[in-house]
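First the structure, in the form of structure tokens, and then the observations on it.
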Amino acid sequence: MPSMHAHDLCEFIDSSPSAFHAMVTAVAMLEKLGATRLDEREHWNLEAGRTYFLVRDDASLVAVRIGADAPAESGFAIAGAHADAPGLRIRHEKTVIDRGLERAAVEAYGGPIHSSWVDRPLSMAGRIIVRGPDGRAQTRLLDTGRPVAIIPNLAIHFNREMNKGVEYPMHSALLPLVSGNGESGMPAVSWALRTAARELGVEPESIVSAELSFVDAGASFVWGDDGEFICAPRIDNLEGCHAILTAFGAAPAGSHSHVAVLFDNEEIGSGTQRGADSAFLRDILARIVATTGGRGVEDEQRALARSFCVSVDGAQGWHPSYADKFDEDFSPLLNRGPAIKANANVRYATDAIGEAAFRTWCAAAGVPSQRFRMRADLAPGSTIGPISAAHLGVRTVDVGVPMLAMHSARETAGSYDHDYMIVALKGFYTAGPDR
Ligand code: CO
């Protein structure tokens, strides 16, 4: 049986080459639900049963459906994910030209697998700040949507040991080749800004600044005997974002309030004004309490004390070619349901009560669930879960679909796991935070 949502996920990923674009894609989904945009600078008038959202700094988002009860009485059912992905950030000011070959300078964003970026068609996406004729700065999003760069490997004849593993330094080997027409010396305008200006139809001099990345230019696809796999860039963690938004859209309004939060900057530690390690979510929740009849700090804290958060982020799925890297018994398999991630040092926020609650929602929805534990002699990654839990004081469980090749330019996950995650999250939103 084909997956219900795998193709939608592929479309979501392909239209979200950067966290900025992911917000536009997410907003389109929310507007389809009839959600109203809020502005952090204006007064809010929130009504029970209605859905609202706000975007901070073009890259993080909170959506809320106000429950029939005040949040202090029934709490928030919160699901959160990150919208950024590890990869190659473009140093838009710098271009390197040698004998006519022009390369764009890059730096790593987060922890990408360097070798996965080599010999792969790359497009360019991100946001550009343009100075308009009236002198005001304007934000424009850019996605070339077609290959504009490639990082060619070294011929094997220069390194016969190549297949034993190669280091690709970010400052030299990983510079993407972008043009064969470079003049010698540093050009007045870098390739990235020249290209951005041409794509946007503006003069290069009007571009004030930019945040651009190279992204895999290939399309996402569903494959396997029965369409059981998804191969796509940024599955970590656009899968989580899409699952949350889809479940949020499908959940019926209840007595408690539903919250969906997408954070930028998880891959670099979350410590930004729009990341999970900030006052962002707590401030917004406090404001929702205050603008739905809550009285002061006590009602805010009562609301948080009644809340629950599901942190959704990819899990390392069992890989048949590297079985010795995994715990023999508790490594999640693709297409066997969401994995609940736990760790003694709380790199994942899951505790016993949180795990029990998530298992209950899965079981009630007829969704299988699994357990992910890293081998005891290896350290797992982390998520927004523990960070957000520390800021909110809200019980949090860390869950995610298993995937292969996490942090590669292209990852592989199970199509059915995406369906399972959506059903489980819809069950959580519907049941509410009371456990
Ligand atoms: Co992640």
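Test of understanding: among Pro176, Pro152, which residue is out of contact with any Gly (no Cβ under 9 Å at 6 or more places or on another chain), exposed (fewer than 13 other Cβ atoms within 10 Å of the Cβ) and in the same structural domain as Ile97 (by TED's automatic domain parsing)? Spell out how you get there, then give the answer.
On the way: Pro176 fails: exposed (fewer than 13 other Cβ atoms within 10 Å of the Cβ).
On inspection, the qualifying residue turns out to be Pro152.
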Check your understanding: Any idea which of (1) crowded, with 16+ Cβ neighbours inside 10 Å; (2) within 16 Å of the ligand (Cβ to nearest atom) is the one Leu46 doesn't satisfy?
Key -> (2)
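I want to confirm something. Restricting to segment 124-164 and keeping residues that are of a type in the set (S, T, N, Q) and in contact with an Asp or Glu (Cβ under 7 Å, 6 or more places away or on another chain), which single residue is farthest from Asp84 (Cα to Cα)? Give the steps one after another, and end with the answer.
From segment 124-164, those of a type in the set (S, T, N, Q) are 138-139, 144, 153, 159, 163; that's our starting set.
Within this subset, residues satisfying the condition of being in contact with an Asp or Glu (Cβ under 7 Å, 6 or more places away or on another chain) are 139, 144, 153.
Working: Thr139: 19, Thr144: 19, Asn153: 27 Å.
Top of the filtered list is Asn153.
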**Study point:** Members of segment 1-13 that are touching a strand residue (DSSP E or B) at 6+ places or on another chain (Cβ under 8 Å) and under 20 Å from His82 (Cβ atoms)
**Key:** Leu9, Cys10, Ile13
Practice item. Go through segment 80-106 residue by residue and tally those that are buried (at least 24 other Cβ atoms within 10 Å of the Cβ) and within 16 Å of the ligand (Cβ to nearest atom). Key: 7
Point to revise | Test for Trp44: is it on the phi < 0 side of the Ramachandran plot, among the aromatic types (Phe, Trp, Tyr) and assigned by TED's automatic domain parsing to the domain that holds Pro187 | key: no
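Of the residues that make up segment 179-196, is at least one more than 18 Å from the chain's Cα centre (by Cα) and within 20 Å of Pro112 (Cβ to Cβ)?
Let us first name the residues in segment 179-196 that are more than 18 Å from the chain's Cα centre (by Cα), namely 179-196.
Next cut, within 20 Å of Pro112 (Cβ to Cβ) only: 192.
Yes: segment 179-196 contains one or more residues that are more than 18 Å from the chain's Cα centre (by Cα) and within 20 Å of Pro112 (Cβ to Cβ).
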Point to revise | Check on Gly145, modelled with pLDDT of 95 or more and within 17 Å of the chain's Cα centre (by Cα) | key: no
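Which members of segment 253-306 meet the condition of being at positive phi and away from the ligand (no atom under 16 Å from the Cβ)? Spell out the reasoning first.
Of segment 253-306, the ones at positive phi are 265, 269-270, 293, 296.
Correct list: Gly293, Gly296.
Within the group Ala77, Ala22, Ala28, which residue is hydrophobic (A, V, I, L, M, F, W, C) and surrounded by fewer than 19 Cβ atoms within 10 Å (Cβ to Cβ)? Talk me through it step by step, then tell me what you get.
Numbers: Ala77 fails: surrounded by fewer than 19 Cβ atoms within 10 Å (Cβ to Cβ); Ala22 fails: surrounded by fewer than 19 Cβ atoms within 10 Å (Cβ to Cβ).
Just one listed residue meets the conditions, Ala28.
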Review point. Out of all the residues in segment 376-398, which are buried (at least 22 other Cβ atoms within 10 Å of the Cβ) and within 12 Å of the ligand (Cβ to nearest atom)?
Key: Thr383, Ile384, Gly385, Asp398
Practice item. Report, by residue number, each residue of segment 234-271 that is farther than 15 Å from Gly400 by Cα and either in a strand (DSSP E or B) or not assigned by TED's automatic domain parsing to the domain that holds Ile66 (or both). Key: Ser257, His258, Val259, Ala260, Val261, Phe263
Exercise for review: Tell me, please, whether a residue that is surrounded by fewer than 23 Cβ atoms within 10 Å (Cβ to Cβ), more than 16 Å from the ligand (Cβ to nearest atom), under 24 Å from the mean Cα position of the chain (by Cα) and of a type outside the set (Val, Ile, Thr) can be found in segment 311-322.
Suggested key: yes
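Would you check if Ala365 is modelled with pLDDT of 95 or more, more than 16 Å from the ligand (Cβ to nearest atom) and surrounded by fewer than 20 Cβ atoms within 10 Å (Cβ to Cβ)?
Details: modelled with pLDDT of 95 or more: yes; more than 16 Å from the ligand (Cβ to nearest atom): yes; surrounded by fewer than 20 Cβ atoms within 10 Å (Cβ to Cβ): yes.
Yes: the conditions hold for Ala365.
The values are calculated or read from the model by the stated rules, or taken from the named source; none is laboratory data. What you are looking at is a predicted structure, and each value in this text was computed from that prediction instead of being measured. Methodologically, a virtual Cβ is constructed for each residue, glycine included, from the backbone with ideal geometry; neighbour enumeration extends over all protein chains shown.
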